[in-house]
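Asker: Here you go, one structure.
The values are calculated or read from the model by the stated rules, or taken from the named source; none is laboratory data. As the structure is a prediction and not an experimental result, all values here were calculated from the model. Quick reminder, even Gly has a Cβ in these numbers, built from the backbone with ideal geometry, and neighbours come from all protein chains shown. Please note that ligands, DNA and RNA were not included when accessible areas were found on the heavy atoms of the full protein model with its side chains. Shrake-Rupley method; radii C 1.70, N 1.55, O 1.52, S 1.80 Å.
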Amino acid sequence: MKTKYYFDELTALQEGYFIIRQLGNHSVGATIHEGKPIVLLDYCPHAGAPICKGKILPKPVAMQLEENHPVLRCPWHGWEFNMKSGDTFKFHSNLRLPKLQYELENDSIYIWI
Amino acid sequence: MSAKIQAIIDCDVHNTYHSQTQLYPYLQEPWLSRLKERGFGYPPETFFSSIHPKRLDAKPEIGTAGSDYRLFKEQLLDKFSIQYAILTGEGISGVSYMPDSEYPSALASAYNQWMVEEWLDKDERFLGSLHLAIQAPETAAAEIYRWGKHPKVVQINLPAATTLPLAHPFYRPVLRAAAEMDLVIALHFRQPGLSAPSITPVGIPFHYLDYHTLVSLPYQAQLVMLVTSGVLEELPNLKFLMMEGGFIWAIHLLWRFDKEYKALNRLAPALKKLPSEYIYQHFKFGIQPIYEPREASALQRVIEAGELQNSLVFGSDYPHWDADEPDFIRRFIPKEWEQGIFYDNAASWYKFFKQPA
């Protein structure tokens with residue numbers, strides 16, 4: 001049974017890092033990229049790190065950095081995930097970033113967990 | 001994941017100072033001035049890593065990760081059922097890789113006193129381990145005798161790679177003191193510097209990826225020569241803990257070493273039993289960083305093949321980047337091994353847990 005929580009206002013989101021809120025028993029982080037919110041459960045699927053405390057970096061492709069394809073590096077074991085697709089970067093894994101669905105109501109962000 | 005584990009001994013917890021000034025009260029001249037003016041002077045990190053060296057969420061507001069007791073309590077001790085945590089220090093382990101001996105010995109001694117006086121009393125769950133400048137073996141041995149009777153000092157830390165094999169007579173005063181004081185000798189790899197040997201026989205690793213993959217090499221060399229030298233017969237109370245160096249390689253040694261010994265035992269005349277028997281009797285291995293095979297249960301089959309269930313101990317390595325929490329390690333081992341790996345195997349190793357005679 002999912003519960004709807006108020007997260008924050010859309011204007012509170014910043015590019016480049018997550019803001020983190022405690023919603024019930026869950027820690028949830030959100031950031032924004034190209035005008036779209038990205039909302040995650042703050043729990044790395046690899047070993048349970050608070051992944052929203054990781055670094056958001058441009059994805060390196062060949063010898064270039066792709067600023068429009070950010071990756072999130074876990075603050076513990078350093079795994080990197082594509083922030084758009086949620087999949088691991090550079091190696092195959094079935095593990096994905098735990099993305100959460102959100103709803104916007106008058107620029108307020110709501111999340112179902 | 002089933003319920004929490006009842007009790008855990010964490011054999012590898014990296015505490016450190018938030019500033020060199022914390023050691024000032026424990027140093028005398030001329031070493032105090034040298035620290036003030038020139039810093040520790042132990043080798044900095046040699047290899048380039050592309051990521052953070054320590055967990056990003058473990059950084060306190062002041063100082064580096066591992067220097068703040070409150071975070072230890074919140075992120076490790078209270079979060080899990082950690083009954084005892086063995087403090088293994090951090091940067092200070094570089095004293096063994098400095099080219100001189102008196103200043104590094106003084107730094108090690110200052111660290112040990114600071115650790116005993118300012119960490120062990122902070123929390124009854126903490127146990128201590130000593131750092132030593134092993135290029136000065138007699139001084140290092142004196143340091144072991146100085147603290148060895150302290151009930152909560154249970155271990156000495158040595159770097160895994162050394163200039164001579166630890167079994168060489170040069171280091172015998174250190175091994176003898178540890179055996180007499182009933183302290184476990186923990187080997188822990190350390191980034192090398194000017195005076196340290198390379199961890200590989202083919203020269204210096206290119207970067208941290210190579211280095212961190214290859215760190216098991218010096219542990220293997222130490223183990224083999226500790227066995228063949230006969231020092232385990234000379235000092236039967238020696239107990240080694242191979243921290244963070246892996247353990248699957250121990251299976252190679254268990255099988256290859258016995259095979260070689262059956263032909264070549266005249267080269268190791270002090271031995272009274274097969275090399276594998278010394279390995280099971282005198283060595284334990286840290287389970288972290290946990291091996292992560294594609295199929296988790298493959299690790300259990302490997303451990304069973306080497307009969308290593310009772311030789312593994314848990315060390316979290318908090319707050320380093322590759323630290324593993326207990327519940328993560330539990331995904332790779334069967335439930336019936338948890339009591340041994342998280343508590344009993346370590347309890348059998350340290351004097352602190354011995355019943356009074």
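Asker: Is at least one residue of region B:44-55 more than 14 Å from chain A (Cβ to nearest Cβ) and open to solvent by less than 50 Å² (accessible area, probe 1.4 Å)?
Answerer: Checked against the condition, which is being more than 14 Å from chain A (Cβ to nearest Cβ) and open to solvent by less than 50 Å² (accessible area, probe 1.4 Å), region B:44-55 yields at least one hit.
Asker: May I pose another question? Checking the structure you have, find out if any residue of region B:304-316 is within 14 Å of chain A (Cβ to nearest Cβ), surrounded by 19 or more Cβ atoms within 10 Å (Cβ to Cβ) and modelled with pLDDT of 95 or more. If you could, list the steps in order and put the result at the bottom.
Answerer: If we filter region B:304-316 for residues that are within 14 Å of chain A (Cβ to nearest Cβ), which is where we start, we get B:316.
If we keep only those that are surrounded by 19 or more Cβ atoms within 10 Å (Cβ to Cβ) as well, we get B:316.
Within this subset, residues satisfying the condition of being modelled with pLDDT of 95 or more are B:316.
There is at least one residue in region B:304-316 that is within 14 Å of chain A (Cβ to nearest Cβ), surrounded by 19 or more Cβ atoms within 10 Å (Cβ to Cβ) and modelled with pLDDT of 95 or more.
Asker: If you don't mind, another one. Considering (1) in contact (Cβ under 8 Å) with a residue 12 or more places away in the chain; (2) over 22 Å from B:E336 (Cα atoms), say which one B:E277 fails and leave the rest.
Answerer: Single failed check for B:E277: (1).
Asker: Give me the residue from region A:69-87 that is within 13 Å of another protein chain (Cβ to nearest Cβ) and open to solvent by less than 20 Å² (accessible area, probe 1.4 Å) and, out of that set, nearest to the chain's Cα centre (by Cα). Give the steps one after another, and end with the answer.
Answerer: Pass one, region A:69-87, residues within 13 Å of another protein chain (Cβ to nearest Cβ): A:71-80.
When the remaining residues are screened for being open to solvent by less than 20 Å² (accessible area, probe 1.4 Å), the result is A:71-72, A:74-76, A:78.
Working: A:V71: 9, A:L72: 8, A:C74: 11, A:P75: 13, A:W76: 16, A:G78: 15 Å.
The selected residue is A:L72.
Asker: I've got another one for you. Of all residues in region B:335-352, which are without any contact (Cβ under 8 Å) to a residue 60 or more places away in the chain and farther than 13 Å from B:N310 by Cα?
Answerer: Answer for region B:335-352, where residues must be without any contact (Cβ under 8 Å) to a residue 60 or more places away in the chain and farther than 13 Å from B:N310 by Cα: there is none.
Asker: Quick one: B:Y291 ticks every box in (1) open to solvent by less than 60 Å² (accessible area, probe 1.4 Å); (2) assigned to a loop (DSSP other than H, G, I, E, B); (3) aromatic (F, W, Y) bar one, so which box is it?
Answerer: The failed condition is (1).
Asker: Taking region B:69-78 as the region of interest, how many residues are touching a residue at least 60 places away in the same chain (Cβ under 8 Å) and either of a type in the set (D, E, K, R) or open to solvent by less than 10 Å² (accessible area, probe 1.4 Å) (or both)? Steps first, answer last, please.
Answerer: Kept after step one, since they are touching a residue at least 60 places away in the same chain (Cβ under 8 Å), are these residues of region B:69-78: B:71-72, B:75-76.
Adding the requirement that they be either of a type in the set (D, E, K, R) or open to solvent by less than 10 Å² (accessible area, probe 1.4 Å) (or both) leaves B:72, B:76.
Of the residues in region B:69-78, 2 are touching a residue at least 60 places away in the same chain (Cβ under 8 Å) and either of a type in the set (D, E, K, R) or open to solvent by less than 10 Å² (accessible area, probe 1.4 Å) (or both).
Asker: Still on this structure: How many residues are under 22 Å from B:T163 (Cβ atoms) and in contact (Cβ under 8 Å) with a residue 60 or more places away in the chain when one looks only at region B:91-124?
Answerer: So the count comes out to 15.
Asker: If you check A:A62, A:A30, which single one turns out to be open to solvent by less than 50 Å² (accessible area, probe 1.4 Å) and either more than 14 Å from every other protein chain (Cβ to nearest Cβ) or under 20 Å from B:D322 (Cα atoms) (or both)? Let's see the steps before the verdict.
Answerer: On the way: A:A62 fails: open to solvent by less than 50 Å² (accessible area, probe 1.4 Å).
Within the list A:A62, A:A30, the selection yields A:A30.
Asker: I need the full set of residues from region B:317-357 which are outside any helix (DSSP H, G or I), away from every other protein chain (no Cβ under 14 Å) and loosely packed, with under 15 Cβ neighbours inside 10 Å, in order please. Full working, then the answer.
Answerer: Step one: filter region B:317-357 for residues outside any helix (DSSP H, G or I), giving B:317-325, B:331-334, B:348-350, B:354-357.
Remaining after also requiring away from every other protein chain (no Cβ under 14 Å): B:333-334, B:348-350, B:354-357.
Within region B:317-357, B:P334, B:S348, B:K354, B:Q355, B:P356, B:A357 qualify.
Asker: I'd like to check which strands (runs of 3 or more DSSP E) are fully inside region A:1-61 and have at least 2 residues that are at pLDDT below 95. Steps first, please.
Answerer: Values: elements: A:4-9, A:19-23, A:26-33, A:36-41, A:55-61.
The qualifying strands (runs of 3 or more DSSP E) are A:55-61.
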